[in-house]
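Here is the structure we will look at.
The values are calculated or read from the model by the stated rules, or taken from the named source; none is laboratory data. Note that the coordinates shown come from a computational prediction; the quantities given were computed from them, not determined experimentally. With ideal geometry, Cβ positions are generated from the backbone for all residues, glycine too; neighbour counts draw on all protein chains shown.
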Amino acid sequence: GAVVSQHPSWVICKSGTSVKIECRSLDFQATTMFWYRQFPKQSLMLMATSNEGSKATYEQGVEKDKFLINHASLTLSTLTVTSAHPEDSSFYICSTYPTSGRFGGTDTQYFGPGTRLTVL
Amino acid sequence: GQNIDQPTEMTATEGAIVQINCTYQTSGFNGLFWYQQHAGEAPTFLSYNVLDGLEEKGRFSSFLSRSKGYSYLLLKELQMKDSASYLCAVNGDYKLSFGAGTTVTVRA
């Protein structure tokens, strides 16, 4: 089946630093990737939709200048948390689906394993 | 906006059946998904419904009624490893909106 990887799987950083998280589709091309954030015991909240070769679309309330998204190739999207603060500590998950497929049905979204960010 | 409701917690005995309900009100509908998520891990796909009716997949079944904005996930022959959070998600406009999740605890 489709595989999506994320790197790093966990990161601890000091307040004020920037952290970059990578999301890769390993065996298919992905024009669109989604970035979610999940706080403890809460559900996934969509932060932004990343489109290869164009600007990301951010959900209401998500600061685009704080969460920088770059989707430079059909297999890689990155999320950079700039000037991270303790309240940014969360579980960040990406997901995507094959460009050649149809979103939904058998070609459902595939999730990366997530990145646990802790800001001290 | 999107509104997706599911119970917070459910407890059942090993070998039993549990039904997790999900009601939704969304702007647009292009399918409903159920995902399983163990603590600290990413969600894994369980089922997808876009037409009314029941989809059966081994021990798991999912039902959808679009007119009622209602779905359920049925877990049969519960095993200890089924203890997890179960997320109902709706594809409203080609992006997923998730419910808060239902934590299922299976007891011996």
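Inside the range B:87-103, can you point out the residues that are outside any loop (DSSP other than H, G, I, E, B) and either small (Gly, Ala, Ser) or under 13 Å from the mean Cα position of the chain (by Cα) (or both)? Within the range B:87-103, B:LEU87, B:CYS88, B:ALA89, B:VAL90, B:SER97, B:PHE98, B:THR102, B:THR103 qualify. B:LEU75 fulfils the conditions (1) in contact with a helix residue (DSSP H, G or I) (Cβ under 9 Å, 6 or more places away or on another chain); (2) closer than 20 Å to A:TYR36 by Cα except for a single criterion, (2). From the list A:LYS20, A:LYS64, the one residue that fits, being touching a Phe, Trp or Tyr at 6+ places or on another chain (Cβ under 8 Å), over 13 Å from A:THR96 (Cβ atoms) and basic (Lys, Arg), is A:LYS64.
Looking at the range A:62-78, can you tell me whether even one residue there is within 12 Å of chain B (Cβ to nearest Cβ) and at pLDDT 90 or above? No.
Looking across the range A:36-51 at every residue that is at pLDDT below 90 and surrounded by fewer than 18 Cβ atoms within 10 Å (Cβ to Cβ), the one that is farthest from B:GLN36 (Cα to Cα) is identified as A:ASN51. Figure legend. Inter-residue proximity from the range A:5-21: first residues touching a residue at least 40 places away in the same chain (Cβ under 8 Å), second residues outside any loop (DSSP other than H, G, I, E, B) and loosely packed, with under 13 Cβ neighbours inside 10 Å, beta-carbon distance below 7 Å, spacing 6+ or different chains. Indicated pairs: A:SER15/A:PRO86. Suppose we filter B:LEU74, B:LEU51, B:LEU64, B:LEU32 for residues that are modelled with pLDDT under 95, more than 27 Å from A:THR115 (Cα to Cα) and among the aliphatic types (A, V, I, L, M); which single one remains? One residue alone meets the criteria, B:LEU51. Restricting the range B:37-62 to residues that are more than 11 Å from chain A (Cβ to nearest Cβ) and among the polar types (S, T, N, Q), which is nearest to the chain's Cα centre (by Cα)? Step by step, filter the range B:37-62, then rank; the result is B:SER62.
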